[in-house]
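These notes are about the structure you will find just below.
The values are calculated or read from the model by the stated rules, or taken from the named source; none is laboratory data. Just so you know, these numbers come straight off a predicted model, no measurement behind them. Cβ placement follows ideal geometry from the backbone for every residue including glycine, while neighbour counts extend to all protein chains displayed.
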Amino acid sequence: MAEERQKKKGGCLKWAAIIIGVLILFGACTAAFTGGGEDTGDTSSDSNASDPADTATEEATEDNTEEATEEDISDAVEEETETTDENLAVGDSTEIDGITFTLNDAYYTDERNEFAEVEADNVLVLDMTYENNSGEDISVGGDVSVYADGTKLESYPINEMLMDSLSDGRNISGKEGFAMVGEPSEIEVEFSPLMSFSGEKAIYTVNPE
């Protein structure tokens, strides 16, 4: 009887050990699969998530690029824009690129050049003075244009016509002639140095007699 009880007890312990082993094995497998799934999910999450610091850096870079582009465009526009000194009159002086120009007088003359290739109803004479402080030698004469009611006038050869070179720190005075046709209501004299790349110009309104 005791032997039979001992066998039953041994059988129960055997089955208990088997069940416990199965449970441990199942738990281990479950943990392994669960852990792998979590790792995979975490990896996917890490790859798709964006770092706030990286995002801020990208936004700052884009902003700086936009600002740089706007500044470049603004500088280019300023470089291409001509600066004009307007509403000047006889006796006024203007300075462009270190060259001071003064329109001393504007008047009509009866003088005519028999060799002139252009006919004129009137010949307009401009009396001018240049002062060169540009730091280099320059050419003067030929850098003044005259417009009658918006139409550019042709140059007319006269005595004492100014066409010369001028050293730095020096000044010179002279005249230029222009062929006038008809009786325009508005006459403008436009000065812009020959060797200037700034695009600056000075505009005088004159009423010659």
From the list D92, D137, D143, which one is within 18 Å of P193 (Cβ to Cβ), in the same structural domain as I172 (by TED's automatic domain parsing) and buried (at least 20 other Cβ atoms within 10 Å of the Cβ)? D143
Within region 184-209, the residues that are crowded, with 18+ Cβ neighbours inside 10 Å, under 16 Å from I96 (Cα atoms) and of a type in the set (A, V, I, L, M, F, W, C) are V189, F191, A202
Restricting attention to region 162-183, report how many residues are at pLDDT 95 or above, surrounded by 12 or more Cβ atoms within 10 Å (Cβ to Cβ), of a type outside the set (K, R) and part of a loop (DSSP other than H, G, I, E, B). 1
Which residue is nearest to P193 (Cα to Cα), if the candidates are limited to region 112-125 and must be loosely packed, with under 15 Cβ neighbours inside 10 Å and free of Cβ contacts under 8 Å to residues at least 60 places away in the same chain? E117
